[in-house]
1. Which residue, of GLN255, GLN232, is at pLDDT 95 or above and closer than 30 Å to TYR514 by Cα?
2. Of everything in the range 371-428, what is within 18 Å of PRO445 (Cα to Cα), outside any loop (DSSP other than H, G, I, E, B) and touching a residue at least 24 places away in the same chain (Cβ under 8 Å)? Give them in sequence order.
3. Scan (1) over 19 Å from the mean Cα position of the chain (by Cα); (2) under 23 Å from ILE529 (Cα atoms); (3) of a type in the set (D, E, K, R) for the single condition GLU272 breaks and write down its number.
4. List the number of the failed condition for ALA559; all other conditions in (1) surrounded by fewer than 19 Cβ atoms within 10 Å (Cβ to Cβ); (2) out of contact with any helix residue (DSSP H, G or I) (no Cβ under 9 Å at 6 or more places or on another chain) hold.
5. Does the range 534-544 include one or more residues that are surrounded by 24 or more Cβ atoms within 10 Å (Cβ to Cβ), under 22 Å from the mean Cα position of the chain (by Cα) and among the aliphatic types (A, V, I, L, M)?
6. Within the range 129-166, take every residue that is within 15 Å of THR57 (Cβ to Cβ) and among the basic types (Lys, Arg) and give me the one that is nearest to the chain's Cα centre (by Cα).
7. Go through the residues of the range 471-494 one by one and say whether even a single one is surrounded by fewer than 18 Cβ atoms within 10 Å (Cβ to Cβ) and under 28 Å from the mean Cα position of the chain (by Cα).
Amino acid sequence: MTLLLIGQLIRLQVTTARELTARGYDRSLRIQTEDALRGFIFDREGEPLAISTPVSTLIADPTRLWATLNGDFDRLREACLSDKNYSEDCSWVNSGDEEETRLRYHYEILRPLAGLLDEDLARFYDELVKRGDSQFMYLARQIPPNIAKEAMDLKIPALRQENGYKRFYPSGEIMGQIIGYTDVEDKGQEGLEKLYENTLAGRPGKMKILQDRAGRALRVVEEVAPAAKGSQLQLSIDKRIQFITHQVLQDTMNQYRAASVTAVVIDIKSGEILAMVSLPAGNPNVSAERRAELLKNRAVTDTFEPGSTMKPLAVAAAIELGAISPNTRFKKGMTYQMGKNTVRDTHNYGTQDTVGIIRKSSNVGMAMISERTPRKKYRAFMHGLGFGEPSGINFPGEQRGHFPRTEKLGNFEYATIFYGYGVSTSALQLAHAYATIANDGVAMPLSLLKVHTPPEGKRVMSAKTAASVRKMLEAVVGDGGTGRRANTDTYTVAGKTGTSHKVRAGGGYAEKNYRGIFAGYAPAHDPRIAMVVVVDDPKGSDYYGGLVAAPPFARIAEASLKMLNVLPDKITKTDAIALVSDSGDPFEDNDTVGAPDVPAKEITQ
């Protein structure tokens with residue numbers, strides 16, 4: 001009966017329209033917005049990361065819909081009852097009382113539309129009745145244009161189609177935390193979609209539309225204002241490096257059952273961010289996965305105490321400020337008393353020079369260095385490296401971390417900063433600091449957009465100081481160093497391990513919860529990339545940065561350098577690395593005895 005009723009409905013509408021046309025009452029003009037095509041986002045090699053596909057929206061005017069359907073029903077029923085020569089089958093008119101027949105008529109008219117939109121007919125009808133006093137109602141949003149066309153071909157009155165675009169992200173969760181997503185209105189809600197909304201959005205257009213009495217568009221009368229496409233973005237991100245980083249971090253997270261894992265890869269010479277990944281992650285194409293905990297970019301939104309990865313940077317400051325030299329020797333034991341507080345190492349390393357202090361990651365040695373380093377100048381140096389400062393990329397939700405006013409600290413509190421406690425940083429800030437060391441002491445501005453002409457950097461330390469620290473970082477990954485598992489088969493590397501106790505929400509340090517960190521760069525002798533890997537709360541006995549963060553660093557570094565066509569600089573293949581020191585002692589890291597033996601406070605911005 002549906003086809004019969006629709007045929008009768010169309011015939012009545014056409015007949016009525018002809019009558020009204022003669023009087024000029026059947027047509028009207030309306031202004032319709034034309035969506036602008038949102039600018040696409042590409043990686044540095046031109047691979048699409050965010051595109052827009054055509055979609056349609058179906059809009060109803062419930063007031064006009066019911067007025068038209070009821071009017072058509074009344075005319076059809078009157079024609080059936082009064083005109084014995086009416087050619088159509090009118091048996092349905094006498095099949096029940098008037099209201100029951102009217103309901104059946106409405107159901108049969110709306111049934112094909114509800115089916116197209118995969119809606120339950122009864123619920124669909126009830127919603128239209130409930131909105132009967134409204135002149136605007138979305139029936140379906142962001143549906144395929146062919147489905148919208150089929151719906152319009154049903155010739156149901158007071159229904160109109162508007163065309164627009166829907167965002168699609170080809171890389172899914174691999175790029176989700178950087179790109180973000182747009183809402184149903186095509187407005188950026190997170191990530192770069194939000195940050196560059198004005199650039200990407202373009203300008204909507206306006207058209208003057210001629211419509212019939214049922215609200216259906218007949219033709220465009222005038223283009224009042226043409227839509228202007230949004231501008232495109234080309235990112236610094238290399239999709240290949242982003243993909244391999246994601247893959248390695250997924251393996252790491254599964255292996256150590258970590259709460260989260262994060263990595264940042266930076267081009268040392270240009271300051272471009274080549275990869276920035278954290279897990280767990282969500283797919284922005286799936287509405288259910290657009291949750292804050294899945295789409296937040298932990299590389300910039302989460303801060304942490306960097307542990308021993310701060311030691312080479314503190315040594316750089318002390319050398320630059322003239323407090324020590326690479327050859328300065330320190331006679332020390334396994335512990336060092338600072339007032340009522342004790343600084344500890346896991347072993348008594350005896351007399352060590354500055355290189356040895358970094359190679360063995362000695363907390364005691366760093367405490368001694370702190371006593372020689374002027375406080376205000378030290379803080380200024382660290383701010384110059386980017387700690388406690390915005391990174392410059394203006395990413396939504398970015399945290400600048402915390403670097404305390406050193407002149408107000410006690411001697412012990414000041415010393416703990418030298419081995420990475422009492423200060424907080426993001427993974428991006430830490431990677432940038434190591435990139436500066438690798439770049440002869442020149443800090444390049446960070447960028448998430450592709451850089452065609454590298455800007456002039458800012459010198460933070462002398463090239464001589466940077467070179468001295470780089471030699472120390474090479475020693476860390478050498479035989480007997482805590483970072484030896486960061487070595488690759490084909491490239492030399494340099495870097496530093498870190499293992500920091502996590503701060504409890506109520507204050508103090510958790511005894512069995514750690515972050516394993518590795519910060520470094522490669523190749524060691526002609527650096528191209530700097531990287532930080534953070535493994536948050538790994539489970540089991542393997543939680544040291546040298547065990548959980550150094551191996552993924554090695555995998556990512558080797559794959560990335562090959563993708564960037566960097567020639568291998570390692571002559572011999574690295575021997576298999578056991579989890580014991582050169583002396584046969586179990587692998588240990590002084591970071592785990594480095595947490596201050598005083599109640600810790602939550603580190604905030």
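1. On the way: GLN232 fails: closer than 30 Å to TYR514 by Cα.
None of the other options fit; the residue is GLN255.
2. Residues satisfying the conditions are PHE381, MET382, GLY384, THR425, ALA427, LEU428.
3. Result: GLU272 fails condition (1) only.
4. Here ALA559 clears every test but (2).
5. At the first step, the residues of the range 534-544 found to be surrounded by 24 or more Cβ atoms within 10 Å (Cβ to Cβ) are 534-535, 538, 544.
From what is left, the residues that are under 22 Å from the mean Cα position of the chain (by Cα) are 534-535.
If we keep only those that are among the aliphatic types (A, V, I, L, M) too, we end up with 534-535.
Yes; the residues of the range 534-544 include at least one that is surrounded by 24 or more Cβ atoms within 10 Å (Cβ to Cβ), under 22 Å from the mean Cα position of the chain (by Cα) and among the aliphatic types (A, V, I, L, M).
6. Ranking the candidates gives LYS166 first.
7. So far as the range 471-494 goes, no, none of its residues is surrounded by fewer than 18 Cβ atoms within 10 Å (Cβ to Cβ) and under 28 Å from the mean Cα position of the chain (by Cα).
Table: residues versus (1) crowded, with 24+ Cβ neighbours inside 10 Å; (2) at pLDDT below 90; (3) out of contact with any strand residue (DSSP E or B) (no Cβ under 6 Å at 6 or more places or on another chain).
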residue: SER468; (1), (2), (3): no, no, yes
residue: LYS496; (1), (2), (3): yes, no, no
residue: LYS502; (1), (2), (3): no, yes, no
residue: TYR509; (1), (2), (3): no, yes, no
residue: TYR521; (1), (2), (3): yes, no, no
residue: MET531; (1), (2), (3): yes, no, no
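The values are calculated or read from the model by the stated rules, or taken from the named source; none is laboratory data. Everything numeric in this text was worked out from a predicted model, so none of it was measured. Don't worry about glycine lacking a Cβ; one is built from the backbone with ideal geometry, like all the others, and counts go over all protein chains shown.
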